[in-house]
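Below: one structure, written as structure tokens.
The values are calculated or read from the model by the stated rules, or taken from the named source; none is laboratory data. All figures in this text were calculated on a predicted structure; none of them were measured in a lab. For neighbour counting, all protein chains shown are included, and Cβ atoms are generated from backbone atoms with ideal geometry for every residue, glycine included. Protein only, heavy atoms only, side chains kept; ligands, DNA and RNA dropped before computing areas. Shrake-Rupley method; radii C 1.70, N 1.55, O 1.52, S 1.80 Å.
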Amino acid sequence: MTSSVRRLDTDVEVPPEAYDDRIVDLDFHVNPMEDELMSYVEDDRARDKLTTEFGSTPVMGKWDAAYAIKEGNEGLYTQGRAEHAEDVHEACEMLAVDEPIVNPGINNLNLQHHPVLKNAVCQAANDYMLDNFVDEGIYTSMMLPKWDPEYAVEELDRVGEEDGVVAAYSWFDPKVPWGNEQFDPVFEKLVELDFPLMLHGSLSYWPQHSYIGDDMLTWTEILGFDWPIHGMVNVINMIMRGVFDRFPDLNVVIQEAGHWWVPFLRYRMDEFYEMHPDDIQITPRKMESGEKYLNQAPSEYLKDNFYLCTQPFALPRNSGEASKMLDLSFAEEMFVYSSDWPHQTLDPPTWFYTSRAFSDDEDLRNAVLHGNADEILNI
Amino acid sequence: MSSENVTVDDAFTKVATTEEIPQGTGIGVDVDGIEIAVYNVEGEFYAISNRCAHQRAPLCKAGDKKINAEHTWTDTRGGVNEESCTVSCPWHLWEWDLETGEHEASGQRIGTFDTHVEDQDVYVRI
Ligand code: FES
């Protein structure tokens, strides 16, 4: 008997059915080279300081993925480094991603020391994104400087109207959660532009700057669980401080904070709030409006105003269990696919074709792969 | 792993010539619907299932050059480690033992296949 032998197509890495679906990727990092980024800094004085031999101020993490991978392999650029539009196209072709929403992945900027230099880098990053991605037809999530809400509004004014800029990219952290009233002018502008606020985990708060993380010794604890705790804290803070009663149209996307905690939050928030509702009236926004309570149950805001990136999906192998988890987690309303290219936690869109939880439920698959993203992005 | 003193019969299928798989690299083939990755480790040929048990990445892509590799710490997406006779997956770097098909940390295993080289041709036993 003769066997049939065929060399495998080397350009396709995901199940072929993925190419039949429209896939929007809400977390695709591009990484400018420092020299190129610095050439976009407009202020000569800031550029001068940023390009000394010391560069930007050093922010050392205590730990790195490299210690947790054989051969000290790198976690940050496991797949490569996208610097220009053609790099993004090449990576997306392999993953069957149709619409990457790219962001400038300078995730340690938030913790840099000097606010003027940080703003200069933010301006440069946004101009770099305009030149290299927006102008090349790739949808972009512009950088939003969390450390300076006034400048954040200025950047939104300056860059937000550009066609192809479709969202604002910033970070969640445990220090100043986003429920704080100082961000109201930013929220107002985001709603005006109809931009979702994308909040990503940040290198800046690993673990040395967070009490939660002080004695964590492994990458599993640090990356796997420090961020979700910070993510949850931010979500609850925004809900309980009445952000969405004031800005009901604000959409927030949480990136890389996990997603299976939705059932925990939805039941626990409601239980605690209904039992202890009387301090809501003295939160600053409620003090100002004179309202006594939230307009709806906390879990309703979770479902209406938040979207969670799915990377890494970590779907249970048993499809019955997976379906139940997806259902309890409001996946059809809240989950948005993200690859996190090029990091080691990359999540190619395989689950949608290998688990019956998705292959048997087209509505759910479409919602996660593109429907929910289409709902919040003007693309 | 290469078997010695075998008769190349119907169970063995020619998948490549030795030249087509340079040392330290691998290729992917589909033999009667079974996807197999075949690697050259210091001149010895090893064949394992092409699909990583973690999330089904094609293991034959291990060792591919990264996009803008010169601006990253390491050049390739995973790859063959000849010293330890392993291959690390191009997506999340799980390391698979080419002799046993085992990923030590999880205890998971994928299929391995006997190989044989004759007259510069590489055969795999299905
Ligand atoms: S798919 Fe191979 S390590 Fe994840």
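Some notes on this structure:
- Heavy-atom accessible area, 1.4 Å probe, ligands and nucleic acids excluded: residues of segment A:342-358 down by at least 50 Å² from chain alone: A:GLN344
- Whole-number percent relative contact order across segment B:12-125, with pairs defined as alpha carbons under 8 Å at least 6 apart: 27 percent
- Put A:GLU83, B:GLU44, A:GLU34 in order of accessible area, highest first, and with a 1.4 Å probe you get A:GLU34, B:GLU44, A:GLU83.
- Accessible area buried between chains B and A, both sides summed, probe 1.4 Å, in Å² to nearest 100: 3300 Å²
- The charge dipole of chain A, taken about the Cα centre with unit charges on the Cβ atoms of Lys, Arg (+1) and Asp, Glu (-1), comes to about 1340 debye, rounded to the nearest 20.
- Extension gain for B:THR100 to B:HIS71 (0.36 nm times residue separation, less C-alpha to C-alpha distance): 7.0 nm.
- Cα-Cα P(r), segment A:186-297, percent of pairs per 5 Å interval: 2, 10, 18, 18, 18, 17, 11, 5, 1, 0
- Other residues with beta-carbon under 12 Å from the beta-carbon of A:VAL41 carry, at +1 per Lys or Arg and -1 per Asp or Glu, a net charge of -4.
- Within a straight-line Cα-Cα reach of under 28 Å, B:LYS65 can be paired with the following lysines, leaving aside sequence neighbours fewer than 8 residues apart in one chain: A:LYS70, B:LYS14.
- Counting Cβ atoms of other protein chains within 10 Å of each residue's Cβ and taking the mean over peptide B:54-66 gives 4.
- Using C-alpha pairs below 8 Å separated by at least 6 residues, the relative contact order for segment A:104-199 is 27 percent.
- A 1.4 Å probe run over the protein chains yields, for the protein assembly as shown, 43 Å² of accessible area per residue, whole-number rounding.
- The order of the peptides B:66-78, A:254-266, A:2-14, A:273-285 by mean Cβ neighbours within 10 Å, most packed first, is A:254-266, B:66-78, A:2-14, A:273-285.
- Normalised by residue count, segment B:1-112 yields a Cα convex hull volume of 118 Å³ per residue.
- For B:CYS52, solvent-accessible area (1.4 Å; no DNA, RNA or ligand), Å²: 0 Å²
- Each stretch of four or more DSSP H residues adds -39500 (n - 2.57); spread over every residue of the protein assembly as shown, this sum gives -7500 deg cm²/dmol at 222 nm.
- Partner lysines for A:LYS286 [C-alpha distance under 26 Å; skip if fewer than 8 residues away on the same chain]: A:LYS146, A:LYS175, A:LYS189, A:LYS303
- Drop in accessible area of at least 20 Å² in the complex versus isolated chain, residues of segment B:29-50, 1.4 Å probe: B:VAL29, B:ASP30, B:ASP32
- P(r) of the protein assembly as shown over all Cα-Cα pairs, binned every 20 Å from zero, in whole percent: 22, 51, 23, 4, 0
- Accessible surface of segment A:36-184 [probe 1.4 Å, protein heavy atoms]: carbon and sulfur percent: 48 percent
- Extension gain (nm, one decimal) between A:VAL116 and A:ASN318, 0.36 nm per residue minus Cα-Cα: 67.6 nm
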